[in-house]
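Scroll down for the structure; my scribbles are underneath it.
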Amino acid sequence: MSSIKRFFQKITNREQDFQERLFILLTSVAELAVFFAFLGDLITGENFIETLVLGIVCVAGPAIVLLSIRMNKVKIGSVLIAFAIVFIVLPVVFFFGGGLEGGAILWFAFSYLYVGLILTGAVRTIMLILISALAVAEYFVAYFYPDLIAPHSRSMWFIDSAISVLLVGFMIYIMVLFQNKLFQNENEQAREQAKKIEELNESQNRFFSSMSHEIRTPINTIIGLNEMTLRENVSPEINENAANIQAASKMLLNIINDILDMSKFESGQMQLTKTPYHTGDMLSDIVGMLWLKAKEKNLAFHISVAPDLPEELIGDEVRIKQVVVNVLNNAIKYTSEGSVTLSIQCTRTGNSGVNVIYSVSDTGMGIKKENIPYLFTAFKRVDEEKNRYIEGTGLGLSIVKQFVDLMGGKITVNSVYTKGSTFMIEIPQQIGSDTNIGVLDMEKRHDLNRSVNYHQSFEAPGARVLAVDDTAANLLVVTKLLRDTKIQLDTAESGRKALEKTLETRFDVILMDHMMPEMDGIECMHKIRGQVGGLSKEARIIALTANTGGESAALYAREGFDGYLVKPISGESLEDEMRRQLPRDLVRLTSSNEELLEESLSWNSTLTKKAQVAITTESVADLPKALTDRYRIGVLPHMVVTEDGVFRDGVEIEQQGLLAYMLKNANEIHTLAPDVNTHEAFFAEQMTRANNIVHISISSHMTHSGCPTAIEASQAFDNVSVVDSLHLSSGQGLMALEAARMAEEGKSAEEIVQAMEDLKSRIRTSFVVDNLDFLARARQISQKIADITKALMIRPVLAMKNGKLGVGRIYLGSRQQAWKRYIRAALRNPSAIDHRTLFVTYVGLTQEDLAWIREQIESKEAFGQIIFQKASAAIGVNCGAGTFGLLYIMKE
């Protein structure tokens, strides 16, 4: 019993190589079957040669297994065993065991299974060919030369075949049973590791987020109070010191952002926040941050800005600034003498787009050619021996590369070792203003930043503002920064004190910190809104917090805040926000700035030119945000229902978070389409920006489809048309994109609807999935079907046909083999494919997987653009990790 116990411990030991365990298990089962066959031959008096060979195999087989394990030659051992089966056991059993009138033919089934499971690569293919050739040869001999086969009596035929059926049947059953057990153990181990990694990531994210919040609070005090020093009429030396403090504080802030952003990239939570910004102000900030560092090293710092650069651009200013600062900082760090030059140029891309090219050149030590591939690797320092005394976090250029990729740009490096380097960064952005920046003297602007020419942009002596923060220094900063605006400012050190003050005083604006003890800012905001007898229910409440990132902005908007400011704050940003939030009749502009005067003329203006047609769709259409923003496509989120609540797809839950949740919870999770009331509210909102709405809906034949409720809701509007796409995911998204392009061209709603009806049949929507477990979990199919496909290692292809999702093809074998066959089948008719756009929509794939898929596609077809799109959480619920699809349009 102890030997049997050790055997089971060995094949279930997770620390042992999986292939080795599989070899031991399957070969042991095969040896056991051969042993029983040997006993059967002895009892029934079978042919002596057959009995002798089986006896030798009973002894030699275990010896080969033990030797191959001890010598760590499992691959060779498996080949020897397979070779013995094909060239010794099968021929002997056939020719000396009655041929077709015996049990030999049944052992071929076992041989195919054994070779298919144990061997890998070219050896497996060769052995399968040899087994097949042997089977054909034996049938040939049995037909044409039956005398070469030792005959069986009728009774021996029945006995031999019966024993073979039982042995081969039980053997295959046990093999599959134990193999599934091994796979389950491996999957369980993978889930445990994934859970540990997820917990580690969550812990790391909490630490970085907490660290960022805690460091930003004192930096807010430093920068805010230092700005007050810069405003005062003090000596030039004090002004210079204060400017240097300001620059150093902003550099520290940039380093904090790098650390926090690396954590977000690793957890897949990084998002961009695109807003209009002034290019001159951003460049001035960059120069102000780095001028001192260059000066300390006696480096010349040159800035060249093309006059045709738009004065206002739309992009993620914080991230663009972070990219340029990191590259410049790197150039200054690795340059000991000479100069560093920043050049900015742009090229127009259509009427509203521009590619901005930031070029950073230095006369530093340069980069060896062999080190360039490692430049953008986190914590990797090239030329370590030469650069060992240079300080840095090791994150700068890694962050740069990831941000540039995220923004759809590119970065290139040209370097001559010992001569210097040039980094070229190209970032596509939208034009916010037709006015060009003109000739810009950045050195002069930098000097002006050190001067005492501050003047408040407005005055509002009749305005009442409440600042709520548990840190007294932060309240002091706000008080001083707003001092010259003559606002009546009150402060509260906690949520409880804020509620006491709002009960007695009517405030126009409330600045609310988020992270406070006892009662946080979100809870306090909700209590102010619902305060019985409160005088500030209608006050504009602005989140003033150290929490950064697009997800924080989304949180505050979702909770009902009217604005969002990130610490550390500047006097300019605080005054700008006050001007936007305070009632117009309380504000008197004092600045001569033409932009402020223009803003005052359009203050609270709600007159915007409506589009003739707006296109809308659902979150399950799986379109990149860049495209929905570009074509102004309205997106209505579906719901994901879990035991912990109902979440809006793409807003409150996303694919990666959902997959992590599903790994931890085995409970049922399903999707839910928006109801009629939600659709009506959505259409009403969209009608404020367009005269007509064309809504592209998910196929009405899908479970929990939003199409029927959308059609019902559209009946309340004369100008809303709902198109049943008969597709889902990016197939539905392709229709929305085509509709949006037609709307841009000025087509009417009727023309667009008709074109979409014609387009339905030309869209191809399909996905290859690892298994059907997630579909069963979402109640789309039965669990029994899912279990059968998984046991047989079947990888089905789900395809849309006439609006219904069904199994189009099935593939056997490894994941990559199935993927390769799927790609080949999906692109098998290239002349009929519209090559403008191909969507690769996926769930739970790695960057290596995506790179491999791209390589396979590009080796077969050239598309104008291949868009890799992470599927929405609602799609991920049904497909599960390891899924991707090729979605495209066929030519007319």
Meets criteria (touching a residue at least 60 places away in the same chain (Cβ under 8 Å), in a helix (DSSP H, G or I), open to solvent by less than 10 Å² (accessible area, probe 1.4 Å) and of a type outside the set (F, W, Y)) for V465: no
Conditions (1) more than 30 Å from G650 (Cβ to Cβ); (2) modelled with pLDDT under 85; (3) open to solvent by 40 Å² or more (accessible area, probe 1.4 Å); (4) of a type in the set (V, I, T): number failed by V566: (1)
Any hit, the stretch 581-604, residues being within 30 Å of Y631 (Cβ to Cβ), open to solvent by 40 Å² or more (accessible area, probe 1.4 Å), part of a loop (DSSP other than H, G, I, E, B) and at pLDDT below 80: yes
Residue that is open to solvent by 10 Å² or more (accessible area, probe 1.4 Å), of a type outside the set (F, W, Y) and within 29 Å of L589 (Cβ to Cβ), where the choices are I487, I510, I522: I487
One residue from V92, V136, V115 being open to solvent by less than 30 Å² (accessible area, probe 1.4 Å) and farther than 19 Å from V53 by Cα: V115
Any chance R809 is touching a helix residue (DSSP H, G or I) at 6+ places or on another chain (Cβ under 9 Å) and of a type in the set (K, R): yes
Qualifying helices (runs of 4 or more DSSP H) (wholly inside the stretch 716-827; at least 2 residues being open to solvent by less than 50 Å² (accessible area, probe 1.4 Å) and either farther than 23 Å from F884 by Cα or at pLDDT below 90 (or both)): 729-744, 749-759, 773-777, 783-791
Total residues in the stretch 412-423, condition open to solvent by 20 Å² or more (accessible area, probe 1.4 Å) and either of a type in the set (S, T, N, Q) or within 26 Å of the chain's Cα centre (by Cα) (or both): 5
Residue within the stretch 45-61 that is at pLDDT below 80 and touching a Ser or Thr at 6+ places or on another chain (Cβ under 8 Å) present: yes
Filtered residue count, the stretch 850-868, keeping only those that are touching a strand residue (DSSP E or B) at 6+ places or on another chain (Cβ under 9 Å) and either open to solvent by 30 Å² or more (accessible area, probe 1.4 Å) or closer than 23 Å to N829 by Cβ (or both): 11
Close pairs from the stretch 692-710: first part of a loop (DSSP other than H, G, I, E, B), partner of a type in the set (G, A, S) and open to solvent by 10 Å² or more (accessible area, probe 1.4 Å), Cβ under 8 Å, at least 6 apart: I698/A673; I698/S705; S699/S705; H704/A673; S705/A673; G706/A673
Per-region count, the stretch 622-641, residues part of a helix (DSSP H, G or I) and open to solvent by 20 Å² or more (accessible area, probe 1.4 Å): 5
So T335, is it in a strand (DSSP E or B) and more than 28 Å from S573 (Cα to Cα): no
The stretch 276-304, residues that are within 18 Å of N436 (Cα to Cα), open to solvent by 20 Å² or more (accessible area, probe 1.4 Å) and either outside any helix (DSSP H, G or I) or at pLDDT 85 or above (or both): P276, H278, I303, S304
Checklist (1) touching a residue at least 60 places away in the same chain (Cβ under 8 Å); (2) buried (at least 18 other Cβ atoms within 10 Å of the Cβ); (3) on the phi < 0 side of the Ramachandran plot applied to M890, failing item: (2)
Hits in the stretch 490-507 (condition: open to solvent by 80 Å² or more (accessible area, probe 1.4 Å) and aliphatic (A, V, I, L, M)): L503
Exclusive hit being open to solvent by 20 Å² or more (accessible area, probe 1.4 Å), modelled with pLDDT of 75 or more and in contact with an Asp or Glu (Cβ under 9 Å, 6 or more places away or on another chain), set G438, G408: G438
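The values are calculated or read from the model by the stated rules, or taken from the named source; none is laboratory data. Not measured: the values here are computed from a predicted model. Please note: Cβ atoms are built from the backbone with ideal geometry, for glycine as well, and neighbour counts cover all protein chains shown. These accessible areas exclude ligands, DNA and RNA; they are computed on the full protein's heavy atoms, side chains included. Shrake-Rupley method; radii C 1.70, N 1.55, O 1.52, S 1.80 Å.
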